[in-house]
1. Take the conditions over 26 Å from the mean Cα position of the chain (by Cα), under 30 Å from Asp226 (Cα atoms) and surrounded by 15 or more Cβ atoms within 10 Å (Cβ to Cβ) and apply them to Tyr136. Does it pass?
2. Which condition number in (1) under 18 Å from the mean Cα position of the chain (by Cα); (2) assigned by TED's automatic domain parsing to the domain that holds Arg49; (3) within 18 Å of Leu59 (Cβ to Cβ) is the one that Gly179 fails?
3. If I filter region 50-57 for residues that are in a strand (DSSP E or B), modelled with pLDDT under 95 and of a type outside the set (Lys, Arg), do I get at least one hit?
4. Here are some residues: Thr142, Thr123. Which one is out of contact with any Phe, Trp or Tyr (no Cβ under 9 Å at 6 or more places or on another chain), hydroxyl-bearing (Ser, Thr, Tyr) and within 22 Å of Leu177 (Cβ to Cβ)?
5. Could you tell me how many of the residues in region 157-174 are buried (at least 16 other Cβ atoms within 10 Å of the Cβ) and under 27 Å from Leu113 (Cβ atoms)?
6. Please go through region 185-211 and pick out each residue that is closer than 29 Å to Lys134 by Cα and out of contact with any helix residue (DSSP H, G or I) (no Cβ under 8 Å at 6 or more places or on another chain).
7. Inside region 76-173, counting only strands (runs of 3 or more DSSP E) that do not spill past its ends, which hold 1 or more residues that are without any contact (Cβ under 8 Å) to a residue 60 or more places away in the chain and assigned by TED's automatic domain parsing to the domain that holds Val48?
8. Taking the options Gly124, Gly155, name whichever one is more than 21 Å from Pro58 (Cα to Cα) and of a type in the set (Gly, Ala, Ser).
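The values are calculated or read from the model by the stated rules, or taken from the named source; none is laboratory data. Remember, predicted model here, so these are calculated numbers, not experimental data. Don't worry about glycine lacking a Cβ; one is built from the backbone with ideal geometry, like all the others, and counts go over all protein chains shown.
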Amino acid sequence: MNDVTRHGARRGIVPPLILVGLLAACGGPPSLPFVSSPTPEQPRQLVVRVVETNGQRPLAGARIAGAQSPAVTTADGTARISALRGATLTIAADDHAAATASVPADGDLTVALRPNVIVGRVTGAAGKPLAGAKVYVDGQPTLVRTDAQGRYRLGGVPSKGTLVIKLAGYRLGLLPLLGKATQDVTMQPFQARALYAPSSVFEGAGHLDQMLGTIARTEANAMVIDVKEGGGWLYYATDLPEAK
C-alpha cells in the first residue's frame, strides 16, 4: 500500500473531521488571555472660591463653566463642582474681567477676578460738579458722560491704559489706570486764544514754523487751520455730505 490509504488520508496526519471531534471533546481550543480596557478617568469633587483682586473680597454670583454642570458661587464666594483633573474652567462675574483656571489634581481652587469698572466724579477747580464731560479709556470704544452731579460709571476698563476726560472750556484730563475702582478728577479751566491760519500755511517753507513761533511769544495757545482753498474746495477727499 502506498502513502495514501484507501480513505484518502495521508499517514501521520489526523483527518480534519477527527481533529474537530477531538477539540469538541476537550472543550474547544484554548482561550486567549483576557485583556481589560483602562478605566476612564472620573471627575473629582472640589470647592472653587472666587475673590476680587482688590482686597480679596469674596464674590457672590460668579458663574463657573467647564465643570460637569454650571455652578454659581454663594454669598461666601464658593461653589462645589465636579470636574475632570486638568479641565479648563471659565469664571465670570458682573463688573469684573473673566478669567480661566485649570482643575488641580487635588485640593480646592481659588480664582481672583479683576474689577473692570471705574466710577468717579468730575469737578472744576472750585469743586463744582461738571456735567456732560466725556470719559473714556484711550483706544477703547466705550464712552460715557458725567451726569448733573459730575458722576460717571465706565465699564469694560482694561488693566492698563489712560483715562481721558474731555469738556469744552477745560484742559484735557489724562490719568493713568492704576487698578483703582474710583477715580475722581479735577479739571482745570482753559480759555482758547487761537490764531487763524489759512491752508496756505502748509504751502510755503517756514510758514508753519512762523505761526508756532508767534504762539510761543504771545498769549495765544491754539491754532485754527482752515483746510479749504480760496474757492471753498477741501484739500482732501471726504464722504461727509456737508462737504459735497
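1. Details: over 26 Å from the mean Cα position of the chain (by Cα): no; under 30 Å from Asp226 (Cα atoms): yes; surrounded by 15 or more Cβ atoms within 10 Å (Cβ to Cβ): yes.
Here the answer is no, as Tyr136 does not meet what is asked.
2. With (1) under 18 Å from the mean Cα position of the chain (by Cα); (2) assigned by TED's automatic domain parsing to the domain that holds Arg49; (3) within 18 Å of Leu59 (Cβ to Cβ) applied to Gly179, the lone miss is (2).
3. At the first step, the residues of region 50-57 found to be in a strand (DSSP E or B) are 50-52.
If we keep only those that are modelled with pLDDT under 95 as well, we get 52.
Keeping just the survivors that are of a type outside the set (Lys, Arg) gives 52.
Yes, because at least one residue in region 50-57 is in a strand (DSSP E or B), modelled with pLDDT under 95 and of a type outside the set (Lys, Arg).
4. Details: Thr142 fails: out of contact with any Phe, Trp or Tyr (no Cβ under 9 Å at 6 or more places or on another chain).
Going through Thr142, Thr123 in turn, the sole match is Thr123.
5. Qualifying residue count for the region: 4.
6. Initial filter on region 185-211 (closer than 29 Å to Lys134 by Cα): 185-197.
Of everything in region 185-211, those that are closer than 29 Å to Lys134 by Cα and out of contact with any helix residue (DSSP H, G or I) (no Cβ under 8 Å at 6 or more places or on another chain) turn out to be Val185, Thr186, Met187, Gln188, Pro189, Phe190, Gln191, Ala192, Arg193, Ala194, Tyr196.
7. 78-83, 88-92, 99-102
8. Values: Gly155 fails: more than 21 Å from Pro58 (Cα to Cα).
Result of the check over Gly124, Gly155: Gly124.
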